[in-house]
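A quick write-up on the structure given underneath.
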Amino acid sequence: MKAALRALARCVLLLLPLLVGLGCYALENFLNPQAAAEFTTGLQFVVGNFPTSSTVNPQNVWFSLAVAFRFGLAYAPSYGAALVFMRLLRLKKEQTMKFVELLRDQNLAIEQEILNIIPLEQRDQFRSQLEKAIETAADRWADRYLPILVGGNEAAHRTLQTEVRTPRAS
């Protein structure tokens, strides 16, 4: 189903310029001359430079709306690019934080399994040693692999280092 919708969308996108061109040709040829001139002016607002025809009345409300529409068309791609960039940054941060959460869960699971091997009466005695050993291992891992994970971004490195090295309450 999704493949069929994608194929249909691709066909529409490929045929869209042809359909717009045919529509403009039909409107220019079948409208009266005044309406055709106004249509041409409107098209110039959308796809070209500022209209140069004499049919434009700058004191008209439609002129103001057309200028606002043109402004939106001109700056919408910049806004869209910034929005996509911000979403990508947020996605990267969310993935990294999920990775950190997995590391914490792994450390807790390892700690719990080791404590399950130790007899019940000796667990409290070994718990602090085990937590210290896991913390040391997490520090070594963070020193070795965090720079690879976050690259040269020092702020991200510090944040992740703090997150990885901070034990979660069991």
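The values are calculated or read from the model by the stated rules, or taken from the named source; none is laboratory data. Here the structure is a predicted model, which is why all the values come from computation and not from measurement. All Cβ positions, even for glycine, are placed from backbone atoms using ideal geometry, and neighbour counts span all protein chains on display.
Numerical summary
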item: Unmet criterion (only one of (1) at pLDDT below 85; (2) outside the structural domain of ASN49 (by TED's automatic domain parsing); (3) exposed (fewer than 10 other Cβ atoms within 10 Å of the Cβ)) for GLU113; result: (1)
item: One residue from GLY23, GLY80, GLY42 being in contact (Cβ under 8 Å) with a residue 24 or more places away in the chain and among the small types (Gly, Ala, Ser); result: GLY42
item: Residue check for LEU15: farther than 25 Å from ALA74 by Cα, surrounded by 10 or more Cβ atoms within 10 Å (Cβ to Cβ) and either in contact with a helix residue (DSSP H, G or I) (Cβ under 6 Å, 6 or more places away or on another chain) or at pLDDT 80 or above (or both); result: no
item: Qualifying residue in the stretch 116-133 (condition: surrounded by 15 or more Cβ atoms within 10 Å (Cβ to Cβ), under 33 Å from the mean Cα position of the chain (by Cα) and modelled with pLDDT under 85); result: no
item: Any chance LEU73 is in the same structural domain as GLN34 (by TED's automatic domain parsing), touching a residue at least 24 places away in the same chain (Cβ under 8 Å), over 19 Å from GLU38 (Cα atoms) and aliphatic (A, V, I, L, M); result: yes
item: Hits in the stretch 18-47 (condition: surrounded by 10 or more Cβ atoms within 10 Å (Cβ to Cβ) and not in a helix (DSSP H, G or I)); result: LEU31
item: Lone qualifier among GLU28, GLU94 - being under 30 Å from ALA138 (Cα atoms) and out of contact with any His (no Cβ under 8 Å at 6 or more places or on another chain); result: GLU94
item: Yes/no for ALA142 being over 24 Å from LEU89 (Cβ atoms), at pLDDT 70 or above, surrounded by 12 or more Cβ atoms within 10 Å (Cβ to Cβ) and not aromatic (Phe, Trp, Tyr); result: no
item: So LEU102, is it in contact (Cβ under 8 Å) with a residue 60 or more places away in the chain, part of a helix (DSSP H, G or I), farther than 27 Å from CYS24 by Cβ and not assigned by TED's automatic domain parsing to the domain that holds LEU27; result: no
